[in-house]
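The values are calculated or read from the model by the stated rules, or taken from the named source; none is laboratory data. Given the structure is predicted, the values throughout are model-derived calculations rather than measurements. FYI the Cβ positions are ideal-geometry reconstructions off the backbone, even for glycines, and counts take in every protein chain you see.
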Amino acid sequence: MKNKIKVTVWNENRHETHDGIIRKKRAGDDACRMHYPQGMHAAIKAALDLDGSFEVDCAWLDKDDEHGLSEEVLANTDVLFWWGHCAHGEVKDEVVDRIQKRVLEGMGLVVIHSGHKSKIFMRLMGTSCDLLYRVAAEKERVWVVEKAHPIAEGLPAYFELPHTEMYGERFEIPAPKDTVFISWYEGGEVFRSGLTFERGYGRIFYFAPGHEAYPIFHDKNVQRVLCNAAKWCAPRYRSSYGCKCMEPLEELKSRGE
Ligand code: ZN
């Protein structure tokens, strides 16, 4: 039997857990709790579990003092999912360093929605990752533009999300490897909503849908994208980095005394 892909789903988990006093309530918190009573990470895990190809664990910002992402956890992770929004700045730099190193060594990374402004995504892109946004519960039509891409497997030509947050161009990122999806929004904007990148030996997939106030992770097509992305991002090769002094393979005849 084929080994299962080990996935760690990381969720900031703050919209789900604000106490209204120390952490003030944000727009969308109530809707988030209604759609995701166990947290968005639990909904993403449930979708991956249903596929049967993955062994899934969850971690979140306040899980422990390393945000649930110790060296040991990352050493046991093939693909890391990342959802963050209002507390990007609270993610410790040493944990970001650790994730970046693992990606360069071959770990996959799936960054969802507002994770575009996470420390790890901005670090790996090297740009501001800014975009346009609007929260108005409008319709999104996600067009599959690379039909043969493994992340598009089993999807129709397009699918619609009845209520979404608009993300618009220009998305300030370096040129992606593949543009798998482009979204159109009811208000008129378009956005490159499914993008792949490679950094070192690691594969990265960015997916725009996933606003906390709408039941987007319960959508069957979105769930299919997440499963396909976890498979595509799974490591094919892993190696550590480091410069090495190389002895010549042949005698160097031109070298002086
Ligand atoms: Zn959002």
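The residues on offer are GLU212, GLU198, and the sole one that is touching a His at 6+ places or on another chain (Cβ under 9 Å) and of a type outside the set (A, V, I, L, M, F, W, C) is GLU212.
Looking at the stretch 90-115, which of its residues are touching a Phe, Trp or Tyr at 6+ places or on another chain (Cβ under 7 Å) and buried (at least 17 other Cβ atoms within 10 Å of the Cβ)? Listed by number, the residues that qualify are GLU105, GLY106, LEU109, VAL110, VAL111, ILE112, HIS113, GLY115. Selection over the stretch 195-226 of residues that are charged (D, E, K, R), over 11 Å from HIS113 (Cα atoms) and within 16 Å of the ligand (Cβ to nearest atom) gives a count of 1.
If you filter the stretch 179-194 down to residues that are of a type in the set (Ser, Thr, Tyr) and in contact (Cβ under 8 Å) with a residue 40 or more places away in the chain, you find that the one that is surrounded by the fewest Cβ atoms within 10 Å (Cβ to Cβ) is TYR185. Among residues of the stretch 98-149 being among the aromatic types (Phe, Trp, Tyr) and away from the ligand (no atom under 13 Å from the Cβ), the one that is farthest from GLU186 (Cα to Cα) is PHE121. The criterion of being at pLDDT 95 or above, basic (Lys, Arg) and surrounded by fewer than 12 Cβ atoms within 10 Å (Cβ to Cβ) does not hold for ARG199.
Within the stretch 17-56, which residues are assigned to a loop (DSSP other than H, G, I, E, B), surrounded by 12 or more Cβ atoms within 10 Å (Cβ to Cβ), out of contact with any strand residue (DSSP E or B) (no Cβ under 8 Å at 6 or more places or on another chain) and without any contact (Cβ under 8 Å) to a residue 40 or more places away in the chain? Even if it seems obvious, please write down each step before you answer.
Taking the stretch 17-56 as the starting set, the residues that turn out to be assigned to a loop (DSSP other than H, G, I, E, B) are 17-28, 36-39, 52-53.
Now restrict to residues that are surrounded by 12 or more Cβ atoms within 10 Å (Cβ to Cβ): 17-18, 23, 25-26, 28, 36, 38-39, 53.
Filter again for out of contact with any strand residue (DSSP E or B) (no Cβ under 8 Å at 6 or more places or on another chain), leaving 17-18, 23, 25-26, 36, 38.
Answer for the stretch 17-56, where residues must be assigned to a loop (DSSP other than H, G, I, E, B), surrounded by 12 or more Cβ atoms within 10 Å (Cβ to Cβ), out of contact with any strand residue (DSSP E or B) (no Cβ under 8 Å at 6 or more places or on another chain) and without any contact (Cβ under 8 Å) to a residue 40 or more places away in the chain: HIS18, ARG23, LYS25, GLN38.
Is it true that some residue in the stretch 233-256 is under 15 Å from LEU155 (Cβ atoms) and of a type outside the set (Asp, Glu)? The answer is no, given that none of the residues of the stretch 233-256 is under 15 Å from LEU155 (Cβ atoms) and of a type outside the set (Asp, Glu). When each of PHE171, PHE197 is tested for being in contact (Cβ under 8 Å) with a residue 24 or more places away in the chain, part of a loop (DSSP other than H, G, I, E, B) and aromatic (Phe, Trp, Tyr), the lone residue that passes is PHE171. What about GLU66, is it under 26 Å from THR164 (Cα atoms), among the charged types (D, E, K, R) and in a loop (DSSP other than H, G, I, E, B)? Answer is no for this residue.
Comparison of PRO209, PRO176 shows that the only residue that is under 15 Å from the mean Cα position of the chain (by Cα), in contact (Cβ under 8 Å) with a residue 60 or more places away in the chain, in a loop (DSSP other than H, G, I, E, B) and crowded, with 18+ Cβ neighbours inside 10 Å is PRO209.
TRP184 fulfils the conditions (1) assigned to a strand (DSSP E or B); (2) hydrophobic (A, V, I, L, M, F, W, C); (3) more than 16 Å from the ligand (Cβ to nearest atom); (4) within 16 Å of the chain's Cα centre (by Cα) except for a single criterion, (4). Give, as residue ranges, the strands (runs of 3 or more DSSP E) completely inside the stretch 78-157 that count at least 2 residues that are out of contact with any helix residue (DSSP H, G or I) (no Cβ under 8 Å at 6 or more places or on another chain) and among the aliphatic types (A, V, I, L, M). Fully inside the stretch 78-157 and qualifying: 132-144.
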